[in-house]
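Take a look at the structure set out below.
The values are calculated or read from the model by the stated rules, or taken from the named source; none is laboratory data. Keep in mind it's a predicted model, so treat the numbers as computed, not measured. As a convention, Cβ positions derive from the backbone with ideal geometry for all residues, glycine included, and neighbour counts pool all protein chains shown. Note: areas computed on protein heavy atoms with side chains; ligands, DNA, RNA excluded. Shrake-Rupley method; radii C 1.70, N 1.55, O 1.52, S 1.80 Å.
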Amino acid sequence: MRDSKRTRSAPPREPLEMTEDMTPRSKRRKFVPFGEGAVLPEEMLTEVFLRLPIKSILRFRAACHSRYAMLSSQEFCQLYITRTEAMPPQPKLLFISPTANFNSTAVYTCSPSKPIDDLLFTLDDVRGNYVEVAPSPCHGLTLLYNAVAPAYYVFNATTRAITRLPPYQDVIHATAGVGFDARTKEFKVVRLFRGKSHEIHSVKCEIFILGGEEGDHWRPTAGGVPFRFCSFALSAIRNAVANKLQPVFVNGFLHWLINPSFLLKAPRAAIISFSLTDETFRWIRSPPFEVSRVHLAELDDQLCMVRDLRNGLPTGSMLKFGG
């Protein structure tokens, strides 16, 4: 008796279609357009982002949470700073100007390759004729001082980000500079000032860490200003205020110039320096000439002293640099 159930035979298998490189189509990788699942390795993305201008970096940070975390990380920022410093510098001029009604200050930048004034931003309620700017930026950050408030601002000329530091009170004279702590990877603003005259230790030093975990406030330095440095520090403060000479940051130290005219006798020191890493003071010996017509500068990561020998003469005048 024949089985009533007829067994269905399986359909014949189609032969594998071969490509020109003799690879079965079933094993070929399908092309997925970018944005629909294709992801580049993080190492390759990092190399791409490191070659972009900062304005593009800021736009990519807004793409998603993962990109924001990557491009805002301390590791990426340090890599970007290192790569930027290795590139040939693009000279730029930074200058400030009061607005027409004198109740605000405009900050501009320009470069020799593009001699067009570029308005960075405007600070309201800041009088331009009472504003001082640090002599040179530190990793792109510049310190601006408003003598009327008084108050300090830290801004980035590239990103145009501005941070107003907490105001301070009961300060007679003050001078400050911004620097970078290579050990903690933090930007710090160091303020050297003279407090109330009736205080035993009227010369003080405080630090503000930008974006730090210590909060939005100034804190005293670890060891304060040692007594043997007080007279030097007071002379540096007076010299900075009288001649609008802000400190210069070089190789982890902020340097203030000491003016001997503010002391009873000529000091052995010409410069008082503060380490942002150890939070300690040191002094540098005086050169074999008077430093009353001298200012400090940074050239090729070296602290330099610029001596003015012009004496107001229209001819036969010169400037002398010394390391």
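Of note:
- Of all the residues in the range 60-73, those that are loosely packed, with under 13 Cβ neighbours inside 10 Å and part of a helix (DSSP H, G or I) number 3.
- Neighbours by Cβ (under 8 Å, 6+ apart or cross-chain): first from the range 41-64, at negative phi; second of a type in the set (Gly, Ala, Ser) and at pLDDT 80 or above: 61/72
- Residue in the range 228-244 that is among the aliphatic types (A, V, I, L, M) and not in a helix (DSSP H, G or I) present: no
- Among the candidates 122, 158, 163, 175, residue that is at pLDDT 85 or above, buried (at least 17 other Cβ atoms within 10 Å of the Cβ) and of a type outside the set (A, V, I, L, M, F, W, C): 175
- For residue 203, the stated conditions do not hold, so it cannot be described as open to solvent by 10 Å² or more (accessible area, probe 1.4 Å), closer than 19 Å to residue 120 by Cα and of a type in the set (Val, Ile, Thr).
- Summed over the range 178-189, residues that are in contact (Cβ under 8 Å) with a residue 60 or more places away in the chain and under 14 Å from residue 250 (Cα atoms) total 6.
- Looking only at the range 273-299, and only at residues there that are over 16 Å from residue 179 (Cα atoms), in a loop (DSSP other than H, G, I, E, B) and open to solvent by 70 Å² or more (accessible area, probe 1.4 Å), the one that is modelled with the lowest pLDDT: 290
- Test: residue in the range 130-151 that is modelled with pLDDT of 85 or more, in contact with a His (Cβ under 8 Å, 6 or more places away or on another chain) and outside any helix (DSSP H, G or I): no
- Residue check, residue 262 of a type in the set (Phe, Trp, Tyr) and in contact with a strand residue (DSSP E or B) (Cβ under 9 Å, 6 or more places away or on another chain): no
- Test: residue in the range 245-254 that is within 14 Å of residue 276 (Cα to Cα), without any contact (Cβ under 8 Å) to a residue 60 or more places away in the chain and open to solvent by 40 Å² or more (accessible area, probe 1.4 Å): yes
- Criterion violated by residue 191 - all others in (1) more than 21 Å from residue 96 (Cα to Cα); (2) within 18 Å of the chain's Cα centre (by Cα); (3) at pLDDT below 90; (4) charged (D, E, K, R) satisfied: (3)
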